[in-house]
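Since the structure comes first, as structure tokens, the remarks are kept for the end.
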Amino acid sequence: MMSRVLSGAILGIDGYLVEVEVNLSTGLPAMSIVGLPNAAVKESSDRVEAAIKNTLYASDPCKITVNLAPADIKKEGSAFDLPIALGILAANDIVQKQNLTKHVVLGELSLDGRVKPVRGTLSLAMMARSQGMEGIMVPRENAPEAAVVEGLTVYPVDNLPSAVEFLNGQTEIEPYQKSDHLKPFNGSNYDVDFTDVKGQHHVKRALEIAAAGGHNILLFGPPGSGKSMLAKRIPTILPSLTLEEAIQTTKIFSVVGLNSTGLIETRTFRAPHHTISDAGLVGGGSNPMPGEVSFAHNGVLFLDEMPEFKRNVLEVLRQPLEDGQATITRASGSITFPANFILAGAMNPCPCGYKGDPKRNCSCSPLQIKKYMSRISGPLLDRIDLHIEVPSLEYRELSSDTIGEPSSAIRFRVEGARGIQLDRFKRAKNFFNAGMNTRQLKSHCKLDEASKKIMGLAIDKLGLSARAHDGILKVARTIADLAGTEAIESAHVAEAIQYRSLDRDNLI
């Protein structure tokens, strides 16, 4: 006696169809699961047997063989519990077999037959739609996430008996009705706002440019000057997520079990601790999972106290910053995770933090300062277009009752600049100025004679690299977009050069 149930598994952040084949034969009573299952899948045999017995479904003792096809891809997770249980019951003629291939079935089973939530529901629901399935049966807690996918009927399941009765046509399960998952953006989506920030007008201007062009930014200054406070408010001035971006972001969180409430509606802000490993930052593991760079996809990755991060951890950022994706290679193959984010870093100007502070004396030697600054390599620093000094505030600024410009006003200008870029790069793979290649730079960043002269002086005086030169052009292009001018003017180039503070000899 044999049955077949359709389920799914995750590879990277995408789902693929898995056929759960169950065969009952004579022999010593035992359950064998094949098809490269990991420990969690193998343990499902005990959960499934207990759930079937505790829900009073009787079956004759026999040898049970479960095959998870395709058999050459490693399977993990607990989502196969419910399809295996239904397959066993179908092989015993307790469940009608013809209904098992109309739906994709997911769910972890408790010993008493309750269905518990699983990871990666959104990716698996998208897979089910692409395979032409009529619907998908998921744990009730995962229903809001699965219902994001248009054109797919979602059946929320509470326990094993309800799934059996539904497949046998004895009862109906009310399909989950999708609500308005992606609400119109408004400032209340965030708990912070730029109105909270006193002074620091030049830093706000730099953050606006970074948000408008997708540029990476590094803030440096003494402790307590507001670097972290400013960085945390970058998402509030970024344009609202598009539906495609929201789905991409939600899929990443879903595959690691960090989301079950529908679409993520705001841009992510990730701030990992400086003790993080390189695998934790870019992703990894024997079965590769996304890291912090992928969790920050379409949002902001904030590294506070950047020199305190291990050198090898910082260096693995190069490829994601360059390509907008993180590629994890193992013996079994390579998996690519999306990682298109704005990097915002913060650091002190020296180990004690008070180099150049007008009110406190620095206790660091030149050698200590040089060693501290060298913890961020030149190649990584070249990939950061904006280096901004954040000085300590005077008391008159801290005590001022003046309300700063709200995030909504800054976001309005940022959206205008991004609209120009979307039109400019509508036939290209990149969408923002920060991602321009050499050909695009030549086409969209032409300089007049005055601008070329300023650029030449900067290259000679600061000893800028070719990548730093290109970074200045990209920032100047963004400044021009914010100003609404088609041509890059000398003032735009001069302002862009001012944002390369750490390239100046007197600050190294």
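The values are calculated or read from the model by the stated rules, or taken from the named source; none is laboratory data. Being a predicted model, the structure only gives us computed values, none of them experimental. Note that each Cβ is placed from the backbone with ideal geometry, even for glycine, and that neighbours are counted across all protein chains shown. For the accessible areas, the whole protein counts, side chains as well, though only heavy atoms, and no ligand, DNA or RNA atoms are used. Shrake-Rupley method; radii C 1.70, N 1.55, O 1.52, S 1.80 Å.
For the range 324-437, what does the relative contact order come out to in percent, with C-alpha contacts under 8 Å and a separation of six or more?
It comes to 11 percent, rounded to a whole number.
Whenever you get a sec, compute what percent of the accessible area on the chain sits on carbon and sulfur atoms (1.4 Å probe).
Solvent-exposed carbon and sulfur of the chain make up 51 percent of the total.
Averaged per residue, what accessible surface does the range 288-380 expose to a 1.4 Å probe, in Å²?
Spelled out: the 1.4 Å probe surface of the range 288-380, per residue, equals 45 Å².
Considering only DSSP beta bridges whose two residues both sit in the range 1-146, what percent are antiparallel, to the nearest 5?
So the antiparallel bridges in the range 1-146 amount to around 65 percent.
May I ask you to list the aspartates and glutamates whose Cα is less than 19 Å away from that of K116, ignoring any residue fewer than eight positions away on the same chain?
E43, D46, E49, E76, D81, E108, E141, E145, D158, E165, E174
If contacts are Cα pairs under 8 angstrom and at least 6 residues apart, what is the relative contact order of the range 377-473 in percent?
Reported relative contact order: 45 percent.
Counting only C-alpha contacts under 8 Å and six or more residues apart, can you give the relative contact order of the chain as a whole percent?
13
List the residues whose amide H sits under 5 Å from the amide H of V34, counting only those 5 or more places along or on another chain, with H placed 1.01 Å from N in the peptide plane.
Hits under the 5 Å cutoff: V66, N67, L68.
Where only protein heavy atoms count, and the probe is 1.4 Å, what is the accessible area per residue for the range 381-421 in Å²?
With the other protein chains kept in place, the range 381-421 gives 53 Å² per residue.
Under the √(5λ) rule applied to the eigenvalues of the Cα gyration tensor, what semi-axes describe the equivalent ellipsoid of the range 230-331? Give them in Å, descending.
Taking √(5λ) for each Cα gyration eigenvalue gives 22, 18, 12 Å.
Tell me, what ³J(HN,Hα) does each residue in the range 308-319 have, in order and in whole Hz, if you take phi through Karplus 6.51 cos²θ - 1.76 cosθ + 1.60 with θ = phi - 60° and put x for Gly and Pro?
Working through the residues one at a time gives 7, 6, 4, 4, 5, 5, 5, 5, 6, 6, 4, 5 Hz.
Give the lysines reachable from K63 as a straight Cα distance under 24 Å; neighbours fewer than 8 places away on the same chain don't count.
In chain and number order, the partners are K42, K53, K74, K75, K97.
Would you kindly derive the ³J(HN,Hα) couplings of the range 480-488 from the backbone phi angles with the Karplus curve 6.51 cos²θ - 1.76 cosθ + 1.60 (θ = phi - 60°), listing them in order in whole Hz, with x for Gly and Pro?
5, 5, 5, 7, x, 10, 6, 9, 7
Take every DSSP beta bridge whose two residues both sit in the chain, then give the antiparallel share in percent to the nearest 5.
Rounded to the nearest five, the antiparallel share is 50 percent.
Give the residue list of chymotrypsin sites (Phe, Trp or Tyr not before Pro) in the range 347-456 that are DSSP loop and have at most 16 other beta-carbon atoms within 10 angstrom.
Here the chymotrypsin sites (Phe, Trp or Tyr not before Pro) that fit, given the DSSP loop and packing criteria, are F431.
With the crude spin-label approximation of a point 7 Å out along Cα→Cβ, what separation in nm comes out for K370 versus S501?
Computed distance between label sites K370 and S501 equals 2.3 nm.
Determine the distance separating the Cα centre of the range 77-152 from the Cα centre of the range 407-433; give it in Å without decimals.
Result: 40 Å between the Cα centres.
For the chain, what number results from the quotient of the Cα radius of gyration and 2.2 N^0.38 Å?
Relative to the 2.2 N^0.38 Å estimate, the chain comes out at 1.18.
Tabulate in residue order the Karplus-calculated ³J(HN,Hα) for the range 37-46, using 6.51 cos²θ - 1.76 cosθ + 1.60 with θ = phi - 60°, rounded to whole Hz; enter x for Gly and Pro.
x, 8, 4, 5, 6, 4, 5, 5, 4, 5
Quick one: net charge around G12, please, counting Lys, Arg +1 and Asp, Glu -1 for every other residue with C-beta under 15 Å from its C-beta.
Its environment carries a net charge of +3.
Give the average over all directions of the projected area of the C-alpha convex hull of the range 203-288, one decimal, in nm².
Averaging across all directions leaves 7.4 nm² for the Cα convex hull.
Please work out how much length the chain gains when fully extended from R427 to D196, using 0.36 nm per residue of separation minus the C-alpha to C-alpha distance, in nm with one decimal.
79.2 nm
Excluding residues on the same chain fewer than 8 positions from K232, give the lysines whose Cα lies under 17 Å from its Cα.
Of all the lysines, those that pass the test against K232 - Cα under 17 Å, at least 8 places apart if same chain - are K198, K204.
Which value results for Rg/Rh of the range 1-107 when Rg is the Cα radius of gyration and Rh the Kirkwood radius based on the inverse mean 1/r?
Taking Rh as the inverse mean 1/r over Cα pairs, Rg/Rh reads 0.94.
For the range 140-267, what are the per-bin percents of Cα-Cα distances with bins 5 Å wide, up to the bin holding the maximum?
Calculated over all Cα pairs of the range 140-267, the distribution is 2, 9, 15, 14, 14, 11, 10, 8, 6, 4, 4, 3, 2, 0 percent.
For the range 278-329, what is the Kirkwood hydrodynamic radius in Å, using each pair of distinct C-alpha atoms?
About 11.4 Å for the range 278-329.
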